[in-house]
Amino acid sequence: MVILKKKRIILWDDEAKLYFKQAIQYIKQESPQGAQTVKLAILEHVAVLKENAGIYEVDKFKIENDGSYRSVTVFSYRISYKITESHIHILRIRHTSQDPIIY
């Protein structure tokens, strides 16, 4: 699968959105500034996907991955996403200290 540079729409899975929100709230308890730093860094990495979805590595935890499933790690949070012709689907965000989920 060839992934060309193209402007796409970002869609967040409800579970990924919820985990992201909870993670930021958890960090905020200890460090409001740290929470803001992590939040902005993750959102910046996701924003890059709109125009260059293939920039990050192929997701090694996706079974039978045709290259459309990718991931990036930001401040110990692994973001998994799927590339389609018109969209980027943010599938999950998990802390890297958690056991990986093969899907």
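The values are calculated or read from the model by the stated rules, or taken from the named source; none is laboratory data. These numbers were taken from a predicted model, which means no experiment stands behind them. Please note: Cβ atoms are built from the backbone with ideal geometry, for glycine as well, and neighbour counts cover all protein chains shown.
Some notes on this structure:
- Take the conditions (1) surrounded by 17 or more Cβ atoms within 10 Å (Cβ to Cβ); (2) at pLDDT 95 or above; residue 37 misses just one of them, which is (1).
- Conditions (1) touching a residue at least 24 places away in the same chain (Cβ under 8 Å); (2) part of a helix (DSSP H, G or I); (3) crowded, with 18+ Cβ neighbours inside 10 Å; number of the one not met by residue 15: (3)
- For the range 49-71, the condition holds for at least one residue, the condition being that it is without any contact (Cβ under 8 Å) to a residue 12 or more places away in the chain, touching a Ser or Thr at 6+ places or on another chain (Cβ under 9 Å) and not small (Gly, Ala, Ser).
- Residues satisfying the stated conditions in the range 45-65, i.e. hydrophobic (A, V, I, L, M, F, W, C) and either over 15 Å from residue 84 (Cβ atoms) or at pLDDT 95 or above (or both): 46, 47, 48, 55, 58, 61, 63
- Single residue of the range 30-52 satisfying the filter (outside any helix (DSSP H, G or I) and either more than 22 Å from residue 7 (Cβ to Cβ) or of a type in the set (D, E, K, R) (or both)) that is nearest to the chain's Cα centre (by Cα): 50
- Scanning the range 41-50 for residues that are surrounded by fewer than 17 Cβ atoms within 10 Å (Cβ to Cβ) and within 16 Å of residue 12 (Cα to Cα) yields 43, 44, 47, 48, 50.
- Members of the range 75-99 that are closer than 11 Å to residue 61 by Cβ and either charged (D, E, K, R) or exposed (fewer than 11 other Cβ atoms within 10 Å of the Cβ) (or both): 78, 92, 94, 99
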